[in-house]
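Here, each number is a calculation from the coordinates, and none is a lab measurement. This one's a predicted model, so the numbers in the text were calculated from it and none came from an experiment. Cβ sites come from the backbone with ideal geometry, for glycine too, and all protein chains shown count toward neighbours.
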Amino acid sequence: MQLLIACHDEELLEHKSELDEQLETWVKDNEHFSTVLDERSCALLVQVKKAEQLKLPLNFLYKMAKQYKLEFAICQLDEESSEWEEVCYFGNEEGRPDIFEVACYVGL
């Protein structure tokens, strides 16, 4: 299953280059994940088969969320429309992501 974990928070723009650098460094150390970087968001593209595989990227992104006061959305690709749909959230205000709850939302 392919998921997109993205931040489009306004706070992001303040720290964009720093966040991009952290994401790129983390991805180099964890090669089975990939970044999706553009001017207005930062995101990880995640391929998972089991709920446990969500632990590493969600913990990393939650740490960033707390540090920079960000909110992230976990998105799933809608096969019919080929659009990413937000299915759940975590972050500074939403709180720590529950890996097994996220897995239920996305059908793992």
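Dividing the summed -39500 (n - 2.57) terms of all DSSP H runs of n ≥ 4 by the residue count of the chain sets its mean residue ellipticity at 222 nm at -11000 deg cm²/dmol. Taking every lysine pair in the stretch 2-107 that is 8 or more places apart or spans two chains, those with Cα atoms closer than 17 Å amount to 5.
Specify which residue in the list 51, 33, 102 is farthest towards the positive end of the charge dipole of the chain, using unit charges on the beta carbon of Lys, Arg (+1) and Asp, Glu (-1), about the Cα centre. Of the candidates, 51 comes out farthest on the positive side. Remark: relative contact order (the chain) = 30 percent; criterion is Cα-Cα distance under 8 angstrom and separation of 6 or more residues.
Between the amide H of residue 34 and those of 45, distances stay under 5 Å, these residues lying 5 or more places away or on another chain, with hydrogens modeled in the peptide plane.
Working from label points 7 Å from Cα in the Cα-to-Cβ sense, the residue 35 to residue 98 distance is 3.2 nm. Running a GNM on the chain with Cα contacts under 10 Å, which residue among 90, 72, 60 ends up with the highest mean-square fluctuation? Of the options given, 60 has the highest mean-square fluctuation. Residues 88, 42, ranked from the fewest to the most other C-beta atoms within 10 Å, line up as 88, 42. Under the convention that each Lys and Arg Cβ holds +1 and each Asp and Glu Cβ holds -1, the size of the dipole of the chain around its Cα centre is about 580 debye.
Rank these for me by crowding, 35, 25, going from fewest to most other beta carbons within 10 Å.
Ascending Cβ contact count within 10 Å gives the list 25, 35.
For residue 9, nonlocal amide neighbours, meaning residues 5 or more places apart or on other chains whose placed amide H falls under 5 Å from its own, are 71. Each semi-axis of the equivalent ellipsoid for the chain is √(5λ) with λ an eigenvalue of the Cα gyration tensor; in descending order they amount to 20, 15, 15 Å. By the count of other C-beta atoms within 10 Å, a proxy for reagent exposure, 61, 44, 56 are ordered fewest to most as 56, 44, 61. Each residue of the stretch 14-28 was assigned a 3J(HN,Hα) from its phi angle through the Karplus curve 6.51 cos²θ - 1.76 cosθ + 1.60 (θ = phi - 60°); the sequence is 4, 10, 3, 5, 5, 5, 4, 5, 4, 4, 4, 5, 5, 5, 4 Hz, with glycine and proline shown as x.
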